[in-house]
Amino acid sequence: MIEVDGKSMKIIDAHVHIWDKYHGVRYGSIVPKSLGYGKIELNGVVEKLLPPAFVDNRASAEILLGYMGDNGIDSAVILQNPCYGDQKEYVAAAMGKWPDHFVATMGKVDPRDTKHILSEIDDLVKNYKCKGIKIEIPDVPFWIDDPEYAPMWEKVVNDDLICVLDLGFEDGIYDWNIDRLTKLLHRYPTIRMRLPHLGISRLWDKSQIKPYPELQKMLKLFTINRDNLTTDFSAMPFFDPDGDYPDYRNREILKIVYEAIGPKKMIWGTDFPTILKLRTIKQCIHFVTRHCDFLTFEDKQDIMCGNVTRELRLG
């Protein structure tokens with residue numbers, strides 16, 4: 001717990017990643033090379049994935065627990081991604097070892113494998129403690145509203161699972177398919193879904209200024225699915241990597257979201273460990289609890305803990 005406005009507040013980080021060995025796949029088939037000290041090589045270009053203190057590019061459960069303990073975070077929700085590799089066994093073991101700290105996970109799936117996707121989801125839920133699925137576009141590039149994927153979406157709805165759907169952070173043809181998502185939600189208006197990073201909404205594009213037209217398209221989705229749609233605002237500093245804390249543009253963006261959909265649809269998360277390239281965990285917490293002065297204590301309580309508890313039915 002932490003102290004906020006003179007009161008104790010429980011904190012759940014709703015968007016973290018851990019992995020035992022980095023062996024990811026990007027853009028459907030490209031395998032990055034792990035160079036260590038936070039660096040990878042992708043398509044012949046060296047990129048910085050993590051801070052250099054991550055010597056072997058391993059983001060272990062123990063490292064995350066250390067950061068959680070240092071910053072008063074009570075528990076976390078682990079999201080699994082193709083870009084970090086298949087970690088379902090490692091994540092399930094961590095949840096079994098530290099059940100009070102790792103309270104839920106979403107399993108990685110590849111919708112393109114239509115022959116096995118339904119059995120794969122069953123396996124994730126029954127054997128690997130998953131409450132639903134995480135889909136990272138364009139790392140598993142597919143057209144989300146194409147009829148061939150209908151059985152997957154129907155299973156998510158019928159089995160009362162949740163899908164965390166990342167719409168993509170770049171300019172590729174599979175990124176930010178907001179029109180396709182709108183069609184999908186009209187087709188399945190009761191689906192339980194979270195859009196991470198505010199749907200991304202092209203907010204990394206500095207030509208997007210108030211009222212942020214692409215963000216407004218994302219916010220309109222809540223008129224289709226008010227009951228079961230949420231958004232988290234993890235990794236917002238990546239919208240402007242050269243920006244300075246406390247991120248005044250991001251505060252303006254978050255206020256627009258708050259005024260459009262209200263505090264009970266907004267979920268806090270860090271996107272550990274990559275966020276450590278730009279911000280400390282304490283800064284991620286203080287951004288909400290100290291710098292978003294438009295939020296009441298009750299709003300902060302919902303955003304930092306209550307909403308994800310209800311979203312995932314954590315009890």
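For segment 177-315, the Kirkwood estimate of hydrodynamic radius, built from reciprocal distances between every pair of different alpha carbons, is 15.4 Å. The Cα center of segment 139-191 and the Cα center of segment 199-278 differ in position by 19 Å. Across every pair of non-identical alpha carbons in segment 102-242, the mean reciprocal distance, once inverted, gives a Kirkwood radius of 15.6 Å.
Residues with beta-carbon under 15 Å from that of G85, excluding G85: net charge, scoring Lys, Arg +1 and Asp, Glu -1? With Lys, Arg at +1 and Asp, Glu at -1, the neighbours total 0. Taking each of K48/K265; K97/K134; K39/K265; K21/K300; K48/K183 in turn, the alpha-carbon distance tops 26 angstrom for K48/K265; K39/K265; K21/K300; K48/K183. Counting charges near I73 (Lys, Arg +1; Asp, Glu -1) among other residues having Cβ under 14 Å from its Cβ returns a value of -4. Here the spin labels are modelled as points 7 Å beyond Cα on the Cα-Cβ line, and at S119 and D179 they lie 3.8 nm apart. Once the Kirkwood radius over Cα pairs is known for segment 49-176, the Stokes-Einstein relation at 25 °C and 0.890 mPa s delivers a diffusion coefficient of 154 µm²/s.
Loop-located chymotrypsin sites (Phe, Trp or Tyr not before Pro) across segment 209-315 with a Cβ neighbour count of 14 or fewer within 10 Å are F294, with loop assigned by DSSP.
Taking other residues whose beta carbon is less than 11 angstrom from the beta carbon of I40, and scoring Lys, Arg as +1 and Asp, Glu as -1, yields +2. Once the chain from S29 to D242 is taken as fully extended at 0.36 nm per residue, the excess over their C-alpha distance is 73.6 nm. Along each principal axis, taking the top coordinate minus the bottom one, the Cα set of the chain gives 54, 45, 42 Å in descending order.
Only helices reaching 30 angstrom along their own axis (Cα) with mean Kyte-Doolittle hydropathy no lower than 1.6 count here, and not one DSSP H run of the chain does.
Estimated from helices alone, the mean residue ellipticity of the chain at 222 nm is -8500 deg cm²/dmol (sum of -39500 (n - 2.57) over DSSP H runs with n ≥ 4, per residue).
Amide hydrogen proximity for I162: with H placed 1.01 Å from N in the peptide plane, the residues at 5 or more positions away or on another chain lying under 5 Å are G132, I133.
No value in this document is a laboratory result; all are computed from the given coordinates. These numbers come from a predicted model, not from an experiment. Note: ideal-geometry Cβ built from the backbone for every residue, glycine included; neighbour counts use all protein chains shown.
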